[in-house]
Amino acid sequence: MHSPKISVIVPIYNAEAYLRHCVESILTQTFIDFELLLIDDGSPDNCNVICDELALKDSRIRVFHQSNGGVTSARKLGLEKCRRGGYIMFVDADDELPSTALEILYDGAEEGKYDIVHGCVNRQSFSIDYLSVADYRSVCISGNIVSCAPFAKIIKRELFDDGTLNIPRSIPKGEDMLMNIRLAFTNQKTVRLINKVVYHYLYHTESCINTFKSNQEYETLYHRYRMMSIPLSEVEKYQREIITTRLNALKSIAFVDPSDVVKTTSFKTQLVEDMKKIDYKLDVFGQLVLTCKVPVAIRLFIWAIGIGNKIRKVVCKQS
């Protein structure tokens with residue numbers, strides 16, 4: 001049986017309004033040696049019917065239905081069902097690919113020279129072409145340079161193991177970042193970055209990233225799984241990145257719920273202790289988040305940031 005060069009996996013749940021456009025953008029790729037796995041994750045709308053209809057029109061489409069288990073569960077099923085030997089690409093059912101996406105990414109792999117090839121999302125751009133193994137691990141933990149999302153990249157199938165997608169449903173946000181971290185530590189090759197758009201992320205107000213509200217309790221749970229994703233022997237090497245991503249989580253909480261971020265918790269206490277060990281330097285907002293006892297002070301600081309950004313935009317337009 002022919003093993004396609006790329007297996008495109010699309011987890012599907014409540015995406016009836018977008019699914020056909022997504023699939024069409026994949027089927028019209030200039031690169032044709034791929035299989036498309038549509039994973040119906042127990043979607044309550046008509047996605048199951050649409051999937052079966054689409055499969056009748058193109059032999060590259062394979063459809064699998066399962067009881068609702070979450071997006072990570074759907075991706076895991078796709079990995080189990082895909083044909084071996086090639087690269088994996090994940091696409092969300094409410095997004096689309098530009099027509100040359102697969103061609104750009106596969107050509108960037110240079111016939112297997114690179115096991116991970118990243119392209120750009122929407123208006124994103126890269127200022128570098130490569131990341132060393134260590135640097136890629138660093139940015140996957142910190143969330144810098146490359147997207148924390150699972151898409152806009154192809155990944156060699158052999159990098160995935162039984163633990164890559166072993167992420168519980170109690171982690172509804174950030175599971176993509178955990179997957180990326182785990183893959184970064186199985187990868188042993190330089191990572192290729194291509195400064196071309198290969199993914200169109202479409203903004204939807206009902207998506208998880210726009211509806212989920214984090215808090216310190218959740219970040220404590222999430223941090224536990226992040227630490228489980230980094231080999232114990234590598235933790236000290238990436239301590240600064242680990243601290244940065246924890247601090248960024250607190251800053252994000254501050255924007256939506258300052259009253260939560262001022263609470264004294266084990267998450268904050270341990271973060272402060274870890275910062276002292278490596279003499280981590282805080283910016284003003286970081287100091288405010290970690291030390292301020294009054295939520296209104298944080299609100300005023302955020303308001304000031306917003307005013308400053310508006311002024312800068314006005315100045316830029318006039319210059």
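Numbers below:
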read-out: Net +/- balance of residues flanking LEU105 in space, Cβ distance below 10 Å, scoring K and R +1, D and E -1; value: +1
read-out: Accessible surface of the chain [probe 1.4 Å, protein heavy atoms]: carbon and sulfur percent; value: 53
read-out: Whether region 3-102 is rounded, prolate or oblate, judged on the alpha carbon gyration tensor where a/c under 1.5 counts as rounded; value: oblate
read-out: Accessible surface, per residue, of region 1-55 when the full set of protein chains is kept, probe 1.4 Å, Å²; value: 41
read-out: Rounded tilt (10° steps) of 295-318 against the dominant C-alpha axis of the chain; value: 60
read-out: Estimated 222 nm signal from helices in the chain, with DSSP H stretches of n ≥ 4 weighted -39500 (n - 2.57), rounded to 500; value: -13500 deg cm²/dmol
read-out: Sites matching trypsin sites (Lys or Arg not before Pro) across region 112-167 that sit in DSSP coil, with at most 12 neighbouring C-beta atoms within 10 Å; value: LYS113, ARG123
read-out: DSSP beta bridges in the chain [antiparallel fraction, %, rounded to 5]; value: 30
read-out: Sequence-distant residues sharing a close amide H with LYS196 (under 5 Å, placed H); value: CYS120
read-out: Accessible area, probe 1.4 Å, largest first, for residues PHE285, PHE255, PHE212; value: PHE255, PHE212, PHE285
read-out: Separation between Cα centres of region 109-150 and region 1-28, rounded to whole Å; value: 23
read-out: Label point at ASP33 placed 7 Å out along Cα→Cβ; residues across region 111-151 whose backbone nitrogen lies under 18 Å; value: 111-117
read-out: Estimated inter-spin distance, ASP161 and CYS292, nm [label 7 Å along Cα→Cβ]; value: 4.3
read-out: When region 183-271 is reduced to its Cα atoms, the Kirkwood hydrodynamic radius in Å; value: 15.8
read-out: For GLY86, residues with placed amide H under 5 Å, excluding near neighbours; value: ARG157
read-out: Reduced Cα scattering model of region 95-171, Debye log10 I(q)/I(0), q = 0.12, 0.19, 0.21, 0.23 Å⁻¹; value: -0.39, -0.99, -1.19, -1.36
read-out: Phi-based couplings in Hz for region 127-144 (Karplus 6.51, -1.76, 1.60; Gly and Pro marked x); value: 9, 10, 9, 9, 10, 5, 4, 5, 5, 5, 4, 4, 6, 5, 6, 7, x, 9
read-out: Karplus-derived 3J(HN,Hα), 6.51/-1.76/1.60, for each residue of region 170-177, Hz, glycine and proline x; value: 5, 10, x, 9, x, 5, 5, 5
read-out: Estimated vicinal HN-Hα couplings, Hz - region 4-17 in sequence order (Karplus 6.51, -1.76, 1.60; Gly, Pro = x); value: x, 6, 9, 10, 9, 10, 10, x, 10, 7, 6, 10, 3, 6
read-out: Region 135-185, accessible area per residue, ligands and nucleic acids excluded (1.4 Å, Å²); value: 33
read-out: For TYR201, distant residues with modelled amide H under 5 Å away; value: ASN122
read-out: Computed magnitude of the charge dipole of the chain (debye, nearest 20; Cβ of K, R +1, Cβ of D, E -1); value: 1180
read-out: Accessible heavy-atom area order of HIS204, HIS2, highest first, probe of 1.4 Å; value: HIS2, HIS204
read-out: Positive dipole terminus of the chain, leading residue within ILE253, SER138, ILE298 (C-beta point charges); value: ILE298
read-out: Accessible-area order (highest first, 1.4 angstrom probe) of the listed residues ILE26, ILE278; value: ILE278, ILE26
read-out: Sparse-neighbourhood loop sites, GluC sites (Glu not before Pro) in region 170-254 - DSSP loop, at most 13 other Cβ within 10 angstrom; value: GLU206
read-out: Pairs from LYS5/LYS81; LYS156/LYS189; LYS76/LYS237; LYS173/LYS293; LYS153/LYS237 whose Cα-Cα separation, in the structure shown, is over 18 Å; value: LYS76/LYS237; LYS173/LYS293; LYS153/LYS237
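The values are calculated or read from the model by the stated rules, or taken from the named source; none is laboratory data. Only a predicted model underlies this, so the values are computations on that prediction, with no experimental measurement involved. Cβ coordinates were reconstructed from backbone atoms using ideal geometry, including for glycine residues, and neighbour counts include every protein chain displayed. When the accessible area is computed, the model is the full protein with side chains, heavy atoms only, and any ligands, DNA or RNA have been set aside. Shrake-Rupley method; radii C 1.70, N 1.55, O 1.52, S 1.80 Å.
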